[in-house]
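The values are calculated or read from the model by the stated rules, or taken from the named source; none is laboratory data. No experiment lies behind these values; they were computed from the predicted model shown. Reconstructed Cβ throughout: ideal geometry from the backbone, glycine too, with neighbour counts over all protein chains shown. Calculation scope for accessible area: heavy atoms of the full protein, side chains included, ligands and nucleic acids excluded. Shrake-Rupley method; radii C 1.70, N 1.55, O 1.52, S 1.80 Å.
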Amino acid sequence: MPNPPEHGPHVLREYGQLVVPGVRLTDADRRLVEGGALDGRLRVRELRGDRLEVTAGPYVGVVRLDACELRVLPKYLGGDLDVLRMLDYAWGGSGTALPLGQDFSGGPPHLRDLVALMVTEHAERLLRHGVRSDYLTREDDLPVVRGRLLTDRQLVRHHGRLDRLACRFDEHDADILDNRICAHAVERAARTARSSEVRSRARRAAARFAAYAPGPLGDLRAAVSQPVYHRHNEHYRPAHLWSRLLLSGGGIEDLFTAGPLASRAFLLDMNQLFEAFVTRLLREGSAAAGMRAEAQSRQRRVLFDEATGGPYSEVRPDLLVSGTRDGAPFRLPVDVKYKLYDQRKLSTQDLYQAFLYAHALSGGGPGRCSLVHPGDAGSAGATVSVRGADGAVSAVVRAVPLDLREVLGGLAGPEPVTAPARVFRDVAGG
């Protein structure tokens with residue numbers, strides 16, 4: 001693909017807007033923008049006078065157009081490396097493979113190059129420890145019998161011949177799906193990374209991995225959903241997570257795209273990342289407090305159809321904390337929203353949802369629900385209650401701002417276990 005102009009990328013923050021002068025989109029750029037691939041992720045609009053209007057939402061990353069390069073930085077974090085640290089923690093990582101102390105001659109790489117670096121790092125680790133092989137079933141025409149003779153195929157193709165025998169046999173080979181995913185991801189990193197250091201390092205790893213797994217990956221969606229992890233390949237899991245992220249162009253749950261577009265656009269949904277990050281924090285924090293935090297638990301005994309006496313629909317809070325506090329049963333639903341609630345009021349729609357959780361799922365006294373959202377240090381969360389005609393409070397929703405920089409600093413500190421415990425105390429209200 002053509003390289004973007006040498007005057008550097010145009011940078012804006014999440015939810016921000018930028019007008020770039022002196023830029024005219026190419027036909028390929030217009031097909032990308034007008035084709036809907038960026039819908040809901042980044043809005044790009046041409047203005048008169050060769051100007052480009054860019055509006056960002058809750059997605060961070062990079063889009064490399066022929067005309068220019070656009071970078072969206074996180075609003076509540078210092079930079080792309082913090083996003084990488086959030087990803088690593090949300091996925092259960094320990095932070096040991098993160099490029100926290102590396103110096104780059106061309107300046108810090110953007111988010112896509114950092115993910116490419118993680119793909120390369122994990123590929124190198126697998127190569128150092130030896131890539132795994134497995135038995136694969138092959139069919140081939142051989143001079144001697146190996147495995148099982150395929151009589152039907154032998155009669156059709158080689159009737160009367162003894163020098164060519166149709167056989168089916170098992171062969172121990174490294175060209176398996178586990179390795180193909182890594183091989184294709186590190187090859188993508190070697191081919192498309194902007195940083196020369198990342199690109200050269202990825203090329204060396206890609207050349208070695210290609211020798212083990214030269215086979216095609218096939219459909220991306222099918223390939224990344226197929227691995228089943230067990231004691232023989234569990235160590236491949238982090239490599240596959242980073243590989244999937246790079247190959248899909250930033251998709252976590254839904255694959256954004258496959259093919260050439262994934263090389264041009266890498267946009268990560270901060271809604272999904274924030275929810276996964278908070279989920280792990282509260283799971284670890286609640287466990288330290290002797291409680292349990294269940295994610296996306298389906299509650300079918302909340303909304304009932306009175307005509308049939310059966311469930312009308314299910315309710316699914318982001319998290320449901322349960323256990324015992326001060327000798328009494330404790331239940332607290334938690335809603336996680338990646339929204340600008342440190343700058344504006346809670347939306348009525350989100351309040352309605354949180355009050356339903358509070359009424360139906362919390363235990364004891366007025367119903368309670370905590371709504372966790374990102375916020376800067378010192379920002380105060382709103383507390384909203386429902387009062388009856390007699391003034392009695394029946395439910396309370398408490399917004400809890402989460403300072404992501406502070407939490408990441410705590411996780412990287414000498415006592416990382418204290419960060420989830422502190423977040424849990426703030427969310428649980430004690």
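For the peptides 220-231, 398-409, 153-164, the ranking by packing is 398-409, 220-231, 153-164, with the highest mean count of neighbouring Cβ atoms within 10 Å listed first.
Pull out a ≥ b ≥ c, the square roots of the eigenvalues of the alpha-carbon gyration tensor of segment 299-358, then state rounded if a/c is under 1.5, prolate if not and a/b is larger than b/c, and oblate in the remaining case. Cα axes put segment 299-358 in the oblate bin.
Exposure check, 1.4 Å probe, all protein chains in place: Ser394 carries approximately 40 Å² of accessible surface. Largest GNM mean-square fluctuation among Gly413, Gly388, Gly78, using the chain with Cα springs under 10 Å: Gly388. Averaged over residues, the count of other Cβ atoms within 10 Å places the peptides 140-150, 317-327 in the sequence 317-327, 140-150, highest first.
A probe of 1.4 angstrom, applied to the heavy atoms of all protein chains, finds Ser347 with accessible area near 40 square angstrom.
What's the angle, to the nearest 10 degrees (0 to 90), between helix 418-428's Cα axis and the longest principal axis of the chain? So the inclination is approximately 50 degrees.
In loop segments of segment 1-92 as defined by DSSP, the GluC sites (Glu not before Pro) with at most 11 further C-beta atoms inside 10 Å of their C-beta are Glu6. Heavy-atom accessible surface of the chain, averaged per residue, reaches 49 Å², computed with a 1.4 Å probe. Highest average first, the peptides 56-63, 198-205 ordered by how many other beta carbon atoms sit within 10 Å of their residues are 56-63, 198-205. Compactness of the chain was expressed as the Cα radius of gyration divided by 2.2 N^0.38 Å, which yields 1.20. Ligands, DNA and RNA left out, the 1.4 Å accessible surface of the chain is 49% carbon and sulfur atoms. Antiparallel beta bridges, as assigned by DSSP with both residues in the chain, represent about 75 percent of the total such bridges. For the chain, the 222 nm mean residue ellipticity estimated from helices alone, with every DSSP H stretch of n ≥ 4 adding -39500 (n - 2.57) and the total spread over all residues, rounds to -11000 deg cm²/dmol.
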